[in-house]
Structures are given as structure tokens and as C-alpha cells.
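One structure is given below, encoded as C-alpha cells.
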Amino acid sequence: MAESFVLSTGSRIPSVGLGVWQIQPDAANDAIYAAVKAGYRHIDCAAAYNNEEEIHGPIRIKKGTSTMTPENFLPTDIPATWAAMEKLYDSGKARAIGVSNFSCKKLHDLLAVARVPPAVNQVECHPVWQQDKLRKLCQSNGVHLSAFSPLGSPGSPWINGPSVLKNPIVVSVADKLQKTPAQVALRWGIQMGHSVLPKSANESRIKENIDIFGWSIPEDLMAKFSEIKQVRLLTAEFVVHPQAGYNTLEDFWDGEI
Ligand code: A2P
């Protein structure tokens, strides 16, 4: 199984990256150092995580601000924002450009106007929210899907709903293969064809989460995952605000909730 996936630009994206969302700023350095030592060459970072300065989804905020709070929201203008990203790509400052939290509708609309199509759409994806429809749209348009919260973000205050790591199918596959539920959730992801961004601030779990090569989940056990009831865990209520142009969660996710 590939340790990296090839993007539409020809660049490669490592199939396992360290998720940095919700790592405390003072712990981020140590976690990134441990990850690079363990072999990670892909770090997911953004200013919205409050441990870097940058941008992160179909949301627009005032210049010079970095927090997604109502006073900072502006209505989105995805074509204009994307044109600015295309300039970055043209200049060579970015080897690939992508989007995050794009629904099928937003991705479809962007593909219709983009001169440089997005190479990646980074979205919530794990056995409890498998993104079948979005995955198919991405595959048929050469957009790589990258999964944040691939373990279901246990313990996160933003997450509501069933546990991924305690899901009986995930646990039974882990028992059969003598792997941990986290390793099975991550391995399922790369076998589905997407990269995974597990977050951990703990060195032994950082190592565990990249130890998912040299073994695989057999086809009969992969098939079991389709029996899992699907629930979006990160609904992101905090983006619903008239000033952002989203009056309801349905608006933001274009009904995919
Ligand atoms: P910790 O940082 O203490 O390791 P996600 O990547 O889906 O957002 O999940 C991140 C959460 O999962 C964090 O709370 C992290 O805690 C925990 N976690 C990361 N790796 C593992 C693992 N291998 N087993 C159990 N929990 C894990």
C-alpha cells in the first residue's frame, strides 16, 4: 500500500500526516518534533487552530484576524479567493493548492470555475462518517481527499456523537488483526484511498499512528465497515452566522448533514 498518494499536480502527499488541530501551542513543537523523528513528512496546520498564523474552509474572515468569531466573519467569495490561490500556484509559492470542508456542491461549483482545479479537499472522514458521495466526486475529478479527525477526535469539545475507536466493528477488526482500533481506523482510510491526519501530542501514539504499513485489512473485513451507521461528528455550529453568509448548518454543509 502506498505511503504516499500522487496529486493531480504530480506532487506526492504522504498518506499519514500529523493533525495539529487542538494541540496546545506550547505542545505543538514537541509533537511535531516527535512526528518528524517517527517518519512523518506531512503536518496539517492552520491559523484557525490557534497554533499558527494562515486560512481554512469555506469561510472568510477580516484581514489581519485569525479567529472564526462572528465579529471577524465576512461573506465568502469562493471564486475570488480561489483566483488568489491560483496566483500562488502560478508563482510557484505553493506546489499544490486545495480546499477544506467543501461539500459536494461547493466542490462541484468550484470545479466549474477553477482554472487550476483543487488538488485536495480536506474533510472530516473516518469509519463513522465515510463521505461516500464526496469520495466518488473527488475520485472522478482527480481531487485527493484528506481526512481530518480520522479517529473521530475523542474528547474534543466540538465533537458530538458515537465513538469511532469504540465502534464494535472497528474493535472487532482490531482484535482479529491484533492491531489497535486507532490503527484499524487509519488503515481503513488509506485503503479507501485517502490520506489521514491523526492528531496526537503523545509520542507513543504518534508512533502507533504511523505504524500502519506492511499489513492490511482483508477485503472481507473492509466490507464490514459499510454496516456502520453514518454520523457527521464535527457539525461546526460556530460557522453559522448571517455575517458569514450561512444562516443554518444545512446552508454551510449544503444539506450533507
Ligand atoms: P492524544 O493527543 O493524547 O494522543 P483525531 O485525530 O481524530 O482528531 O483524534 C485525536 C484524539 O485522539 C486526541 O485526543 C488524541 O489524544 C487521541 N489519539 C491519538 N492517537 C490515538 C491512538 N493511537 N489511540 C487512542 N487515542 C488516540
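The values are calculated or read from the model by the stated rules, or taken from the named source; none is laboratory data. Everything numeric here is computed off the predicted structure, so don't read it as measured data. Positions of Cβ are generated from backbone atoms using ideal geometry, with glycine treated the same way; all protein chains shown enter the neighbour counts.
The figures follow:
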quantity	calculated
Helices (runs of 4 or more DSSP H) contained entirely in region 189-257, each with at least 3 residues that are within 14 Å of the ligand (Cβ to nearest atom)	203-210
Test set (1) within 11 Å of the ligand (Cβ to nearest atom); (2) without any contact (Cβ under 8 Å) to a residue 24 or more places away in the chain - V171 fails condition number	(1)
Residue match in region 23-37 (condition: touching a strand residue (DSSP E or B) at 6+ places or on another chain (Cβ under 9 Å) and at pLDDT below 85)	yes
Residue tally, condition at pLDDT 95 or above and exposed (fewer than 12 other Cβ atoms within 10 Å of the Cβ), over region 93-121	3
Whichever residue in region 134-159 is in contact with a His (Cβ under 7 Å, 6 or more places away or on another chain) and among the polar types (S, T, N, Q) and, among such residues, is farthest from the ligand (Cβ to nearest atom)	S146
Complete set of residues in region 227-255 that are closer than 24 Å to L165 by Cβ, in contact (Cβ under 8 Å) with a residue 60 or more places away in the chain and charged (D, E, K, R)	K229, R232
Members of region 174-188 found to be within 9 Å of the ligand (Cβ to nearest atom) and surrounded by fewer than 24 Cβ atoms within 10 Å (Cβ to Cβ), listed by number	T180, P181, A182, Q183
Some residue of region 112-133 being touching a residue at least 60 places away in the same chain (Cβ under 8 Å), of a type outside the set (V, I, T) and over 25 Å from S153 (Cβ atoms)	yes
Condition check for P162: in a loop (DSSP other than H, G, I, E, B), within 16 Å of the ligand (Cβ to nearest atom), more than 13 Å from the chain's Cα centre (by Cα) and without any contact (Cβ under 8 Å) to a residue 24 or more places away in the chain	no
Output for region 153-171, where each listed residue is touching a helix residue (DSSP H, G or I) at 6+ places or on another chain (Cβ under 8 Å) and either over 17 Å from W129 (Cα atoms) or charged (D, E, K, R) (or both)	K166
